[in-house]
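Written out below as structure tokens is the structure these notes cover.
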Amino acid sequence: MVSTTQTQETKKTGARLGLLDGLRISAALIVVLYHYTAWGHSHWGLKAPDAWPILSQFSRYGLIGVQLFFLISGFVILMSVQGKNLIHFIGSRLGRLYPAYWLAVIAAAVLTFKIWPDAQDGRSREDIVPNLTMVQQGMGVRDLDGVYWTLWVEFRFYVLLALLLVVGLVKIKNIMWLSFIWPTLGILLHVAGMDKAQEWIAGQYAAQFAAGMVLFLIYQNGHTIGRWAMVAFNTVVSAYFTGLKGSFDNDYLSGITVPAWHFSLLAFLCVALLAVCTLTPLKNVQARWLVVAGSLTYPLYLFHQIWGWWIIHSLSDTMNKYVLLALTFAIMLLVAYLVARFIEKPVGLWLRNESIKSLTALSAWAQRLPVSGLGSATRKSKYRQSWHQIR
């Protein structure tokens with residue numbers, strides 16, 4: 001069905017995909033708009049959908065932004081393993097994810113336990129340290145900010161790719177098999193009613209990651225019927241689960257009835273958008289503002305919810321709602337820029353380099369032991385590096 005050739009045998013991934021940055025920031029912005037104007041909170045003085053009866057008819061679809069995040073991650077993270085062994089992959093992920101995340105957790109803790117006790121909602125100070133790990137959900141600990149749930153989903157995807165790096169299976173054939181087996185297992189567990197097992201393997205979101213990975217294989221290695229068939233399969237699976245989640249979440253979180261097929265259709269649109277931005281001449285679009293905008297995506301996502309709600313809650317009685325919405329967006333974008341500029345870039349680079357250095361030293365020590373399985377950690381990936389692309 002597919003070639004077993006390594007992905008390095010075809011074209012190089014050199015230029016930055018400018019519209020990919022545009023997709024990322026767009027996904028973040030529609031999630032922010034959803035949380036501010038369609039999620040079922042009452043920080044406007046009444047339920048957000050009631051405060052924004054017209055806008056919420058559109059922003060209620062903002063949860064699709066998270067599904068788009070997962071789709072893009074499948075593409076970008078597979079790209080990010082180019083030229084990396086396990087140690088470099090771990091180092092790059094630590095440097096990319098944790099500096100802004102740690103700051104967000106600390107900021108959320110200060111807001112929740114010092115400034116705005118109403119946000120505690122049963123949380124305790126004992127939740128702070130587990131939240132710093134990013135795997136608190138796996139420990140049964142609540143997120144200090146609700147948006148962190150997506151990071152736990154992403155984390156399991158990273159672990160899966162790390163395991164493939166360890167055993168040297170980051171090859172086209174194996175990625176294709178993974179892109180079939182993982183979503184299929186998610187479907188089987190769903191049909192069997194084994195929701196806990198499905199949650200642990202992130203089966204509900206596997207198809208988004210898989211579709212993104214296969215689109216990267218097409219971008220890097222060219223079109224084949226098998227690859228496009230795999231994209232189609234995962235798009236259908238993604239549409240099914242996205243429809244279920246979108247409809248349920250709108251009803252449960254916002255009290256809004258949205259047919260599942262609306263979100264299923266949007267899932268198809270997300271795959272089409274990623275394909276257009278990466279597999280057509282539009283992939284050559286370059287603009288400095290897209291790079292800057294893309295860099296705001298992660299910190300904007302991390303900080304927008306609880307802090308944005310606090311701003312809205314504090315000022316909704318004294319400020320016009322349109323002005324307040326614009327002000328909240330502006331403040332959150334400014335915070336995102338400051339975090340990207342002064343935390344992510346310098347601290348992330350330092351953490352990446354120090355992590356790689358420490359893990360390399362540990363691996364060298366382990367290889368001197370009589371029996372050790374850690375030597376595979378330094379096995380070279382067959383991908384070429386394109387570090388700037390994942391920023």
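Restricting attention to the stretch 90-149, and to residues there that are over 27 Å from S80 (Cβ atoms) and β-branched (V, I, T), which single residue is surrounded by the most Cβ atoms within 10 Å (Cβ to Cβ)?
T112
Any residue in the stretch 293-322 that is in contact (Cβ under 8 Å) with a residue 24 or more places away in the chain and closer than 23 Å to A340 by Cβ sitting within a Cβ distance under 6 Å of a residue that is among the acidic types (D, E) and not in a helix (DSSP H, G or I)? List the pairs, counting only those 6 or more apart or interchain.
From residues that are in contact (Cβ under 8 Å) with a residue 24 or more places away in the chain and closer than 23 Å to A340 by Cβ, the pairs are Q305/D145; I306/D145.
List every residue pair whose Cβ atoms sit under 8 Å apart, with the two residues 6 or more apart in sequence or on different chains, where the first one lies in the stretch 128-149 and is on the phi > 0 side of the Ramachandran plot and the second, anywhere, is buried (at least 16 other Cβ atoms within 10 Å of the Cβ).
Partner pairs satisfying both residue conditions: M134/L97; M134/Y98; M134/Y101; M134/Y148; M134/L151; M134/W152; M134/F155.
For the stretch 172-189, does any single residue satisfy the condition of being without any contact (Cβ under 8 Å) to a residue 12 or more places away in the chain, touching a helix residue (DSSP H, G or I) at 6+ places or on another chain (Cβ under 6 Å) and part of a helix (DSSP H, G or I)?
Within the stretch 172-189, not a single residue is without any contact (Cβ under 8 Å) to a residue 12 or more places away in the chain, touching a helix residue (DSSP H, G or I) at 6+ places or on another chain (Cβ under 6 Å) and part of a helix (DSSP H, G or I).
So, in the stretch 51-76, how many residues would count as being more than 20 Å from the chain's Cα centre (by Cα) and aromatic (F, W, Y)?
Looking only at that region, the number is 2.
Considering each residue of the stretch 146-174, count those that are of a type in the set (A, V, I, L, M, F, W, C) and more than 23 Å from F303 (Cα to Cα), and give that number.
12
For the stretch 155-169, which positions are touching a residue at least 12 places away in the same chain (Cβ under 8 Å) and farther than 21 Å from F233 by Cα?
Listed by number, the residues that qualify are F155, R156, Y158, A162, L164, L165, V166, V167, G168.
Do the conditions hold for Y219, that is, is it buried (at least 16 other Cβ atoms within 10 Å of the Cβ), among the aromatic types (F, W, Y) and outside any loop (DSSP other than H, G, I, E, B)?
yes
How many of the residues making up the stretch 255-291 are under 28 Å from Y101 (Cα atoms) and free of Cβ contacts under 8 Å to residues at least 12 places away in the same chain?
Adding up the residues that qualify gives 2.
Kindly indicate whether L161 is at pLDDT below 95 and closer than 24 Å to M79 by Cβ.
yes
Could you tell me whether F113 is at pLDDT below 95 and either over 24 Å from G65 (Cα atoms) or in a helix (DSSP H, G or I) (or both)?
Judged against the criteria, F113 is not a match.
The values are calculated or read from the model by the stated rules, or taken from the named source; none is laboratory data. Since the model is a prediction, treat every value here as computed from it, not as a measurement. Here Cβ is always computed from backbone atoms with ideal geometry, including for glycine, and neighbour counts include all displayed protein chains.
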